[in-house]
Amino acid sequence: MSSKDNLQLSQQEQQRYLRQTQLSSFGESGQLRLKQSKILIIGLGGLGCPAAQYLTAAGIGEITLVDEDHVSLSNLQRQILFSEPDIGKNKSQAAKEKLQTNNSDVKIIAFPHKLNPHNAHQLIKRSDLVLDCTDNFHSRYLINDICAHYNKPWVYASVLGFEGQVALIKPEHSCFRCLYPELAETPNCNQAGVLGVVPGIVANMQALLAIDYLAHINANGVSSNSNRLQIIHGLNSRSINLFKSNDCELCSGEKNYLDYASGYQDYEQLIENIPEEQKISWADFEKLPAENTVLIDVRSKAEHLAFNRGGMNIPLEDLSKSLQIETDKNYVFYCQSGQRAAIALLDGRTISEKENLKNNDVYYIHENLSIP
Ligand SMILES: [Zn+2]
């Protein structure tokens, strides 16, 4: 779709979206705003499926679907986008196929991977709005922290049993950590059970919040829908206002996403998934061209002073603010056991994404630190 195409509605689009453009508070201008919008839907389960269906039908310009999971028989009771022939298929890909048959004008991107601290940056920063359709706090904190970093609004939703919660969260007003400062280990639908229509209701509220925000339905007044937490219990609902908490370390700027990195849980798995060519030995390091290679000890200053194998010292916790990326350099991280260096690689890669540094220019030394 060329940018010119984004500036007007085709005849077919005028016809397709007539029932919503007829609404005076929406109109063709609202439709054009949807057409120009990019959204990210994280999780294609009981929430993501109905939300994606309505948002595709409504004519969002681009929708990226994130889910690494596969469709199973027990999903079909609430994930009504999927049918029996989809069992075993990746959810993001199966969803894309189905959604595209509803609306071929929408650009739909399937991302069949789990959200993690690296891909979250790339996915979130290119989106206008993020829908959290996940089922766990780790993912929500990650979405929250990266959205706060890029000042991106997102729609939080969760469902358990007969109860659901949904809120449009704008980082300038408050954040998920203001509401839930501590990681709450609540069961998910798989563990606690859920009636299929409840995520359907909550997902439709998510879709409505998304459309309301993107189409500027409340453009003439202050949107009443942001930073209000709607709590649905069966057929009853109530809402509470969300405020920036004085104790929130993220909103106060005391901490950023990197400080919470270990809380995203999947670091061990991420470290395992670092490509083999990025895990190098000291002997491999010696073969890298010295003039293009920056060696960084990510241990503490005291450890570095006690013993080191050269390079500069940037403790892991200071990496985000102190690492200066030069595009033509290789970066090699080391520490005592390889653990912190691996985290540094993950963080360094995340930091360096802004600078277009290729992944294979960043290495970590997986050997224990010892005197050569
Ligand atoms: Zn906060």
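For this structure, a couple of remarks:
- As a proxy for reagent exposure, ranking L195, L316 by other Cβ atoms within 10 Å from fewest up yields L195, L316.
- Helix axis angle, 339-353 relative to the chain longest principal axis, alpha carbon, degrees: 60 degrees
- Chain lengthening between F243 and D5 when straightened (0.36 nm per residue, less Cα-Cα): 81.7 nm
- Near G164: Cβ cut-off under 15 Å, other residues only, Lys/Arg at +1 and Asp/Glu at -1. The net charge is +1.
- The chain, helix-only ellipticity at 222 nm - DSSP H runs n ≥ 4, -39,500 (n - 2.57), divided by all residues, nearest 500: -9500 deg cm²/dmol
- Cross-link table K89/K329; K244/K329; K114/K279; K89/K170, entries beyond 30 Å C-alpha to C-alpha: K89/K329; K244/K329; K89/K170
- Two-site label geometry, D328 and R228: point separation in nm, points 7 Å out along Cα→Cβ: 5.7 nm
- For the chain, the longest principal axis of the alpha carbon atoms and the long axis of helix 137-150 meet at an angle near 80°.
- The label point for I87 and the one for S74, both projected 7 Å from the Cα toward the Cβ, are 1.4 nm apart.
- Among G61, G48, G310, the largest mean-square fluctuation in a Gaussian network model of the chain, built with springs joining Cα atoms closer than 10 Å, belongs to G310.
- Packing-based exposure ordering (other Cβ within 10 Å, fewest first) of T101, T134: T101, T134
- The angle between the Cα long axis of helix 91-102 and the longest principal axis of the Cα atoms of the chain comes to about 30 degrees, rounded to the nearest 10.
- Shape of the stretch 37-241 from the C-alpha gyration tensor: rounded (a/c under 1.5, with a ≥ b ≥ c the square roots of its eigenvalues).
- FRET efficiency estimate (nearest 0.05) - Cβ-Cβ, H138 to S337, R0 30 angstrom: 0.80
- Exposure proxy shown here: for W282, W154, the number of other Cβ atoms within 10 Å sets the order, fewest to most, as W282, W154.
- For the stretch 271-349, the square roots of the Cα gyration tensor eigenvalues, ordered a ≥ b ≥ c, give a/c below 1.5, which places it in the rounded category.
Laboratory data are not the source of any read-out in this text; all were calculated from the coordinates shown. Just so it is clear, the model here is predicted, and its values are computed rather than measured. With ideal geometry, Cβ positions are generated from the backbone for all residues, glycine too; neighbour counts draw on all protein chains shown.
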